[in-house]
Structure formats: C-alpha cells, structure tokens
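Just below is one structure, and these are the notes that go with it.
The values are calculated or read from the model by the stated rules, or taken from the named source; none is laboratory data. All figures in this text were calculated on a predicted structure; none of them were measured in a lab. As a convention, Cβ positions derive from the backbone with ideal geometry for all residues, glycine included, and neighbour counts pool all protein chains shown. Calculation scope for accessible area: heavy atoms of the full protein, side chains included, ligands and nucleic acids excluded. Shrake-Rupley method; radii C 1.70, N 1.55, O 1.52, S 1.80 Å.
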Amino acid sequence: MTAASTAPAHASPNNAAVDATRWVATGSLLGLIVLCLAWELVLAPLRPGGTWLAVKALPLCIPLAGILKNRMYTYRWVSLVIWLYFTEGVVRGWSDAPPSQWLAWAEIALCLVLFTACTLHVRLRQRNAKAAAAAAAAATDAAAPAP
C-alpha cells in the first residue's frame, strides 16, 4: 500500500485549492462587510455621526451563509452582484476626497479578490466534479463483466 492510496481524498491538491478559494472568498466578503460599515459609520461618513449609506452592507450579509455552507449557487451569483460594489468603489474612488477615496480603492481591491476567489472556486469544483464523474464511469466500465 502506498502513501498516496492511504491519504484521504480531501487532501488532494485540487481540494486544497477549492478550500483555499473558499477561505479567500469568505475573508474578502467579511472584509467588505466590515469596510462598508466602518466607512459609512466611523472612518469617513458623508455626514458626521454616520449615514444611512451603511445599509449597503446588509445585502453582503445575505450570501455569507451560502458561502459558509459552500453552496455553488451562492458563489455564482456573488460573482455577479459584487460588480455593483466594484462600480460604487470606482465612482467614489474618482469623485471623493481622501480618506473616503482610499477606502473606495480598498473596496475595489476586496471586490476583485472576492470575484477572483468565487470564479476560481466554481471553476475548480466543476473540474473536480467532471473528473470524479469520469473516474466513476471508468470504474463502472472496468467492473462490468465482459460478454
């Protein structure tokens, strides 16, 4: 018995990459939630004492449960919705004055990291599923009795 055959399936390089993209997506989503709240309530609110613009963090809380539960559908739609936050970051990055401008650039960076992590996560999981299906089909063909 070789060391490769005794290793758990979870330890494969593909699953490690899937896990890494999952944690990067989770971290960047949490970072974006914290940034949105801190930006509009403490760091650079539009009005002293904070603004209602902090409510923009609430839609980011919705996909958090799906990402923590590793639901493929959530990764797919987050990679589309995140572009709204990216657009807000670009607009405020060019129109606002510092420190709000710096926070906008941080928002842009977090959006790009989240989009990349979600896209890679979906791609890797689909590739792993396709490989597993091919391996299962090959095992079924090999186990079938010859006529």
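Figure legend. Inter-residue proximity from the stretch 42-55: first residues touching a residue at least 40 places away in the same chain (Cβ under 8 Å), second residues exposed (fewer than 14 other Cβ atoms within 10 Å of the Cβ), beta-carbon distance below 8 Å, spacing 6+ or different chains. Indicated pairs: LEU43/PRO99; ALA44/PRO99. Count of the stretch 15-51 residues, restricted to those that are touching an Asp or Glu at 6+ places or on another chain (Cβ under 8 Å) and surrounded by fewer than 17 Cβ atoms within 10 Å (Cβ to Cβ), is 3.
Taking the criterion of being touching a residue at least 60 places away in the same chain (Cβ under 8 Å) and of a type in the set (S, T, N, Q), the residues of the stretch 12-41 that qualify are ASN14, ASN15, THR21, SER28. Among the criteria (1) open to solvent by 30 Å² or more (accessible area, probe 1.4 Å); (2) within 22 Å of the chain's Cα centre (by Cα), the one GLU107 does not fulfil is (1). Is one or more of the residues making up the stretch 50-59 modelled with pLDDT of 95 or more, touching a Leu at 6+ places or on another chain (Cβ under 7 Å) and in a helix (DSSP H, G or I)? For the stretch 50-59, residues modelled with pLDDT of 95 or more, touching a Leu at 6+ places or on another chain (Cβ under 7 Å) and in a helix (DSSP H, G or I): present. Would you mind stating whether LEU110 is under 30 Å from ALA17 (Cα atoms), at pLDDT 95 or above and in contact with a helix residue (DSSP H, G or I) (Cβ under 6 Å, 6 or more places away or on another chain)? Against the criterion (under 30 Å from ALA17 (Cα atoms), at pLDDT 95 or above and in contact with a helix residue (DSSP H, G or I) (Cβ under 6 Å, 6 or more places away or on another chain)), LEU110 qualifies.
Scanning the stretch 82-104 for residues that are assigned to a helix (DSSP H, G or I) and exposed (fewer than 13 other Cβ atoms within 10 Å of the Cβ) yields a count of 6.
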